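Reviewing the structure listed below.
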Amino acid sequence: MKKSVTLIDIAKACNTSNVTVSKALAGKSGVSRELRDKIKRTAEEMGYVPAKSSLERKKGNIGVLIPEKFINPNGSFYWALYNSLVQCLKKENLYCILENLTQSDEDNLVMPNLVKDRKISGLISLGQLSGEYVRKLYESMPSMMLLDYYVPEMNIDAVITNGYNGGYKLASYLIKMGHTKIGYIGRLFATTSITDRYMGYLKAMIENGLSVNDSWIVDDRDRRDFIEMDFPEDMPTAFVCNCDEAAFNAIKQLKAIGYSVPDDISVVGYDNYLISEVSDPTITTVDVDAEYMAQLAVQTMIIRIEQPDIQPRIRNIDGELVIKDSVRRLNKD
């Protein structure tokens, strides 16, 4: 019986290490194009047949990395998205391994254990990380993708909501309801989602000839958590919030300083997460289909693992306006 060709055999033939051979055949970074071509050609000539697919070799483990700052013990949109990921991976006979990332580890560029231990075939990064951290993460785990954010200067797979269009829809709806003094709640540039939604809001304001008062742009968070909002003395009649949680917090804090929502100030959010329904009043928002987002993420992840050389792409998902009780009509139309 003919002996099966191993990675060690190919490494000896190419005068390199079996780790380099493994990287080359798996399409991972760290191997020159010339050496990669030589290894692939040698493997083919020697009749090398992989014993199992890359997914089977790692037992089909997919890592999900979530920064701790995005995890609320009382629930959040990211928990809903993570639960949908688990279900979608299960349907593909894949296992999900979750790890939370501390702010300290992100700041110090400490790689997560699920990457260092090399127990996963691919990695889904859920929730905005710094560009510097993503770059280092990508060097260690090329079979990775970003979920609910992207890094503009990096060519990497991502699945995001169309925040620009969503912010535009929310501001346009408020304008249709007669509001002309509209603010925005969200720490600009904290995440790509917040920035994109702000740009959509800004477009709607400019198109309708409305000015944006700098004091109406209110921070909702610092680098680690949501904060008490510093509302201006000259208040707008409505706020577009970057997410439902920010909208929920804004309503609570506005009530605490004597404002009624929506009688005095209207508030809209984004995500159509559970918190928008338990809020009093319920929050007008943009619906994000977490299940479809998760399905698309899992499909993208599988393609990236099986076809490592395929061109990365960003997939945008549009959301629909969901009208609830947090907006007051100011015009008679």
What do you get for the angle between helix 244-256 and the principal long axis of the chain? Use alpha-carbon atoms, 0 to 90 degrees, nearest ten. 30 degrees
Could you work out how far the C-alpha centroid of region 77-131 sits from that of region 162-233, in angstrom? 29 Å
Per-q log10 I(q)/I(0), the chain, q = 0.14 Å⁻¹ (Debye; single scatterer per alpha-carbon; no solvent): -1.05
Between helix 290-306 and the chain, what is the angle of the helix's C-alpha long axis to the longest principal axis, kept within 0 to 90° and rounded to the nearest 10? 20 degrees
Total formal charge among the other residues, if their Cβ is under 11 angstrom from that of Asp230, Lys/Arg +1 and Asp/Glu -1: -4
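Using per-residue counts of other Cβ atoms within 10 Å, averaged over each peptide, order 267-277, 83-93 from highest down.
Peptide ranking by packing, descending: 267-277, 83-93.
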Taking only C-alpha pairs under 8 Å that are 6+ residues apart, what is the relative contact order of the chain in percent? 17 percent
Rounding to the nearest 10 and keeping the result within 0 to 90°, find how far the Cα-based axis of helix 192-207 lies from the longest principal axis of the chain. 40 degrees
5 Å is the cut-off here: which amide hydrogens, built 1.01 Å from N in the peptide plane, fall below it relative to Tyr184, excluding neighbours closer than 5 in sequence? Ile217, Val218, Val240
For region 315-328, in order, what is each residue's ³J(HN,Hα) by Karplus, 6.51 cos²θ - 1.76 cosθ + 1.60 with θ = phi - 60°, in whole Hz (x at glycine and Pro)? 9, 9, 10, 7, x, 9, 5, 10, 8, 10, 10, 8, 10, 9
Sorted peptide list for 15-24, 310-319, criterion being average Cβ within 10 angstrom, highest first: 15-24, 310-319
Using per-residue counts of other Cβ atoms within 10 Å, averaged over each peptide, order 120-129, 164-173 from highest down. 120-129, 164-173
Tell me, what ³J(HN,Hα) does each residue in region 263-271 have, in order and in whole Hz, if you take phi through Karplus 6.51 cos²θ - 1.76 cosθ + 1.60 with θ = phi - 60° and put x for Gly and Pro? 4, 9, 9, 8, 9, 10, x, 7, 2
Whole-Hz Karplus couplings 3J(HN,Hα) for region 80-91, θ = phi - 60° and coefficients 6.51, -1.76, 1.60, Gly and Pro as x, run 4, 5, 5, 4, 5, 4, 4, 5, 5, 5, 4, 5
Pairwise label distance in nanometres, Leu330 with Ile303, each label 7 Å out on the Cα-Cβ vector: 4.4 nm
How big is the shadow of the Cα convex hull of region 276-333, averaged over all directions, in nm²? 6.1 nm²
Given 0.36 nm per residue, what is the gain on full extension from Asn108 to Asp214 after removing their alpha carbon distance, in nm? 34.8 nm
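Each value in this text was obtained by applying a stated rule to the coordinates, not by laboratory testing. In this text, all values refer to a predicted model and were calculated from it rather than measured experimentally. Neighbour counts run over all protein chains shown; Cβ positions are idealised from the backbone, glycine included.
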